[in-house]
Amino acid sequence: TPGAEVKVGYLGGSITAQNGWRVQTLAHFKKAYPQATFAEINAAIGGTGSDLGVFRVRQDVLSKGPDLLFVEFAVNDGGADAQRIIRCMEGIVRQIRKANPHTDICLIYTINEGMLKDLQAGKPPRFGSVMETIANAYGIPSIDLGVEIAKREQAKTLIFKAKGWQNGNLVFSEDGTHPIEAGHAIYRDTVVRSMFQMMPHDQAKAHALPQPLEPRCWENATTAP
């Protein structure tokens, strides 16, 4: 709708908190859809996973009325127990659906050095496998940003971890987790390309809320003084 305000939320850890793919994707939306007004809901906190996100999503995101919400906890949840991930992430999804069935969710999977070889061998990291179970149950799209990085590293057109440019090759990260500017640009381009492929062919509609996969998921989690 011309002139409408679109609120885009970003819930995640330090990779999302960086001045990187979050800022760059929002800038793309503003440029691609000049007839709309975009507002950002920045709910990224470094060093935190879905086990804190499930408690703060209501206060930090849903209270601001997002139309679209990106959720990124792949790296910080990488070592968590699978059952705990399900309870936390499904709790986040169900809180969003209950607050506003029209809010669109997109799951974002980032990458760190420990995930690289699995992706190159065609094995998704454990977090991704757990999350895809939830994504499929709730009809939520996901974007695995690590796939493009792993392909480029394997083709030797990208160095995963180094300081600055190396022999003319793009470097993704200096610490093996947080992208530098060039790495975030790849993340941005992957999100933009994927979002274009996800463009709906019909009108926006309310999303259904099925029975929970985990009856004890943390869908009533909240913060308190």
Exercise for review: Report the FRET efficiency, 1/(1 + (r/R0)^6), for residue 118 and residue 37, where r is their Cβ-Cβ distance and R0 is 35 Å, rounded to 0.05.
Suggested key: 0.30
Review point. Using the C-alpha gyration tensor of the range 70-208, what are the square roots of 5 times its eigenvalues, in whole angstrom, with the largest one first?
Key: 29, 18, 12
Review point. P(r) for the range 1-137: what percent of alpha-carbon pairs falls in each 10 Å bin, starting at zero?
Key: 12, 42, 34, 12, 1
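Using every Cα-Cα pair within the range 79-119, state what percent have a distance larger than 16 Å.
Details: 448 of 820 pairs.
Considering the range 79-119, 55 percent of its Cα-Cα pairs are separated by more than 16 Å.
Can you tell me which of 175-186, 88-99, 45-56 comes out highest on packing, and rank the rest after it, using the mean Cβ neighbours within 10 Å? All intermediate terms of the calculation are to be shown ahead of the outcome.
Details: 175-186: 17.5, 88-99: 23.0, 45-56: 19.8.
Result, highest mean Cβ count within 10 Å first: 88-99, 45-56, 175-186.
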**Study point:** P(r) tail fraction, the range 147-225 - alpha-carbon pairs more than 16 Å apart, %
**Key:** 67 percent
Practice item. Evaluate the Debye formula for the range 47-112 with equal point scatterers sitting on the alpha carbons, no solvent, and hand back log10 of I(q)/I(0) at q = 0.25, 0.27, 0.28, 0.29 Å⁻¹, in q order, two decimals. Key: -1.14, -1.28, -1.34, -1.39
Study note, to complete from the structure: In whole percents, the bins of 5 Å from zero upward hold the Cα-Cα pairs of the range 107-163 as 4, 19, 29, 21, 14, 8, 4, 1, 0
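Quick one: of 30/156; 30/64; 117/163; 123/161, which pairs are farther than 27 Å apart, Cα to Cα? Could you put the intermediate results ahead of the total?
Working: 30/156 34 Å; 30/64 19 Å; 117/163 21 Å; 123/161 21 Å.
Violating the 27 Å limit, Cα to Cα: 30/156.
Values in this text are rule-based calculations from the coordinates and carry no lab data. None of the values given here were measured: they were computed from a predicted structure. Note that each Cβ is placed from the backbone with ideal geometry, even for glycine, and that neighbours are counted across all protein chains shown.
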